[in-house]
Amino acid sequence: MFHKAAELRLLEGTTLEVLFQDGYVKRYDMRTLFPKYPQLKQLEDRSLFLSGKLIGAYGIVWNDELDIDAETIYEEGENLRREVLVIHQASAHAVASARAEADISQKQLADLCGIDQSDISKIERGVANPSVATLEKIAQALGGRLSISIEIPSEK
């Protein structure tokens, strides 16, 4: 499964921090790639490094020659914490993961549940806030069930 990035923070030096749709926050220093990809040494130029942008949910791009995919950061980055996500980000991750596990396209899922493919895309990107009824349609179309929980921290 491909882990989707949701937010990017450019830190000191060549270090970046990425929040993923599953709530994990990873820190990654681009210097670790310098031996394998010497062209990335250009990122030591602070103004160039600060020009990095998250492209969709799949990677960070600085220019036509310099980029890194989100999966590398997720797999090799330092795990900092797991954030509690707002509900639409959590549902985005849940729908994208379930669809990937079912090995079907967004169009196929849209056809199965009677929802427009563009709406499935918006849900998976975390830019839509789907209703419980919509999430239930998606779960049923995937042969699953919708589960919602409220977690209350226990007192010590």
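The values are calculated or read from the model by the stated rules, or taken from the named source; none is laboratory data. What you see is a predicted model; the values in this text were computed from it and never measured. Note that each Cβ is placed from the backbone with ideal geometry, even for glycine, and that neighbours are counted across all protein chains shown.
Data overview
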| quantity | calculated |
| --- | --- |
| Scope the stretch 1-53; condition at pLDDT below 90 and of a type in the set (Lys, Arg); matching residues | 4 |
| Whichever residue in the stretch 27-78 is touching a residue at least 40 places away in the same chain (Cβ under 8 Å) and of a type in the set (Phe, Trp, Tyr) and, among such residues, is nearest to residue 127 (Cα to Cα) | 58 |
| Pair list, Cβ < 6 Å and 6+ apart or interchain, from the stretch 101-118 residues that are among the acidic types (Asp, Glu) to residues that are part of a loop (DSSP other than H, G, I, E, B) | none |
| Selection count where residues are among the β-branched types (Val, Ile, Thr) and not in a helix (DSSP H, G or I), scope the stretch 120-135 | 1 |
| Strands (runs of 3 or more DSSP E) fully within the stretch 1-48 counting 1 or more residues that are of a type outside the set (D, E, K, R), assigned by TED's automatic domain parsing to the domain that holds residue 78 and within 17 Å of residue 63 (Cα to Cα) | 5-10, 15-20 |
